[in-house]
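Notes to accompany the following structure.
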Amino acid sequence: MKFIPAAVAAVLVSGAAHAGGYVAPVVETAPAPVVAPVVTPVSDWTGFYAGLQYGQGDAELSFGGESVSDDFDAYGLHAGYNRDFGQFVLGGELDYNRINLDNSDNADLVRLRGRAGYDLGRFMPYVSLGAAHIDGGDLSETAVTYGLGADFKVTERFVVGAEYTRQDFDDVLDVSGADLDTDMIQLRASFRF
């Protein structure tokens, strides 16, 4: 008889132990770290720039169906300002070139040009249009200049480029029909401020 109350007590104690029995601990996973989105910096062409250029060209003087041409080297300085409007870049530039003709006197070429470019990030193709003044020996003429080129940002401060330009001088030395046309290809390096 004593065995029954002891068995009942053992069952009750073991039932109580199981009622609140062992439960495996809940392990919460650590929250995933928040990763900031990678933002690619937007290239902006707005600002002042200045630099150097060197190139080669051809000058052709024509009159009455006859023509004579001379090759030349050109080197000089340039400075300008660009304004980036998103896709399009507008600006202006003043440059000076010392022209060393192979078979003639040297000359100075000064140009004031407007530039219109297309923003492709670090690369910008552009067209230019403006006025050119050449002065050398007895020659002192002003004409239109136009061309196309491309700039590439090596860094946000340093830009390299290449361009082709043409200058058309009409009625040089006040001689009707005497035209001087020059073509020039130049390499450029600029520092942006």
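The values are calculated or read from the model by the stated rules, or taken from the named source; none is laboratory data. Please read all numbers here as calculations on a predicted model, not as lab measurements. In this analysis, Cβ positions are derived from the backbone assuming ideal geometry, glycine residues included, and neighbour counts consider all displayed protein chains. Accessible surface is based on the protein model in full, side chains and every heavy atom, while ligands, DNA and RNA are left aside. Shrake-Rupley method; radii C 1.70, N 1.55, O 1.52, S 1.80 Å.
Here L139 fits the description: of a type in the set (A, V, I, L, M) and farther than 21 Å from Y54 by Cβ. Being of a type in the set (A, V, I, L, M, F, W, C) and farther than 18 Å from F191 by Cβ is a property that holds for F85. Name the single residue that is nearest to A150 (Cα to Cα) among those in the stretch 83-110 being aromatic (F, W, Y) and either touching a strand residue (DSSP E or B) at 6+ places or on another chain (Cβ under 8 Å) or surrounded by 15 or more Cβ atoms within 10 Å (Cβ to Cβ) (or both). Ranking the qualifying residues of the stretch 83-110, first place goes to F88. Being free of Cβ contacts under 8 Å to residues at least 60 places away in the same chain and over 11 Å from the mean Cα position of the chain (by Cα) is a condition met by at least one residue of the stretch 176-190.
Within the stretch 157-184, the set of residues being buried (at least 16 other Cβ atoms within 10 Å of the Cβ) and hydrophobic (A, V, I, L, M, F, W, C) comprises V159, F169, V172, L180, M184. Of all residues in the stretch 38-72, those satisfying the criterion of being open to solvent by 50 Å² or more (accessible area, probe 1.4 Å), touching a residue at least 24 places away in the same chain (Cβ under 8 Å) and in a strand (DSSP E or B) are F48, L52, Y54, Q56, E60, L61, F63, D71.
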